[in-house]
Each structure stands twice: as structure tokens, then as C-alpha cells.
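**Q** Following this message is one structure expressed as C-alpha cells.
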Amino acid sequence: RGKKQIKNKLKKGLRTPEDKFVIPILESLVDLGGKAKMKDILRLVHEKMKSILREYDYEPLPSNPKQERWKNTAQWARNTMVNEGLLVSNSPRGIWEITEEGRRFYNEKIITSNKPIGL
């Protein structure tokens with residue numbers, strides 16, 4: 001009692017987790033020269049992740065029926081990456097930019113991983 005239920009909240013584990021977006025976002029930024037418009041980054045991220053995105057990732061958000069869930073998850077991943085110093089915090093609205101720390105992190109992950117990107 002007293003707890004408000006969030007209508008249409010997705011059960012845990014049904015959508016692709018936020019952390020799976022980190023390397024594809026960093027790789028997309030590197031591919032695009034380190035800085036790009038969000039829509040261009042998301043287009044590349046989708047190409048890199050389409051084999052692992054789940055059915056639920058393509059559903060519209062209850063709070064914004066015009067936005068697919070995976071795009072919202074990618075934007076939350078970006079927010080976390082800014083807080084971790086991997087992306088620039090004060091870039092203009094709609095522009096995502098990798099930091100030197102983000103480049104180091106990406107290069108370390110690529111060197112130490114033989115897995116295909118996005119997995």
C-alpha cells in the first residue's frame with residue numbers, strides 16, 4: 001500500500017541491458033571522428049547491435065510512443081558514460097563526443113576482447 005505501480009513497466013531481462021550499448025556507442029563515435037549528431041550515432045549503433053537487440057527493444061515507450069525502447073536505452077547509456085567520463089559532458093545538445101578516457105577505455109576493451117562488437 002502506498003506504492004504506485006508503474007503501468008506497462010517492462011519486466012527485468014526483457015530488453016537489452018544498458019551496458020551492452022557502451023562499446024557500440026564508443027565504436028560509432030570513433031568511426032564518426034570522435035563527435036557526431038545523436039541520430040547518426042544511433043543509426044550506426046543500431047547497425048552494430050541489430051543481431052542482439054530483442055523484440056522488446058523495438059517496442060514503443062509507454063511514455064513516448066514515437067520512440068523505440070532501444071533508443072531510450074542508448075540515451076541512458078550515454079548519460080551513464082558521461083558520468084563515468086567516457087563522453088564529454090558539455091557538448092552541444094544532440095551532439096555526442098568521446099573523451100580521451102573514452103578512447104582509452106574503448107581501445108583496452110577491443111584489445112582484450114576477441115568477441116564481435118556488441119556481444
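Any read-out appearing in this document is the output of simple, stated calculations on the displayed coordinates, not a laboratory observation. All figures in this text were calculated on a predicted structure; none of them were measured in a lab. As a convention, Cβ positions derive from the backbone with ideal geometry for all residues, glycine included, and neighbour counts pool all protein chains shown.
**Q** If I ask for residues that are without any contact (Cβ under 8 Å) to a residue 12 or more places away in the chain, assigned to a helix (DSSP H, G or I) and polar (S, T, N, Q), which ones from the range 76-113 would you list?
**A** Residues satisfying the conditions are 79, 83, 107, 112.
**Q** Within the range 23-55, can you find the residues that are among the polar types (S, T, N, Q) and in a helix (DSSP H, G or I)? Give the derivation first.
**A** Step one: filter the range 23-55 for residues among the polar types (S, T, N, Q), giving 28, 51.
Answer for the range 23-55, where residues must be among the polar types (S, T, N, Q) and in a helix (DSSP H, G or I): just 28.
**Q** If you don't mind, there's one more thing I want to ask. Can you work out which of the residues in the range 76-112 that are in contact with a helix residue (DSSP H, G or I) (Cβ under 8 Å, 6 or more places away or on another chain) and of a type in the set (S, T, N, Q) is farthest from residue 56 (Cα to Cα)?
**A** 89
**Q** A further question on this structure: List every residue pair whose Cβ atoms sit under 6 Å apart, with the two residues 6 or more apart in sequence or on different chains, where the first one lies in the range 43-71 and is in contact (Cβ under 8 Å) with a residue 24 or more places away in the chain and the second, anywhere, is among the hydrophobic types (A, V, I, L, M, F, W, C) and part of a helix (DSSP H, G or I).
**A** 45/25; 45/74; 53/70; 57/70; 71/42
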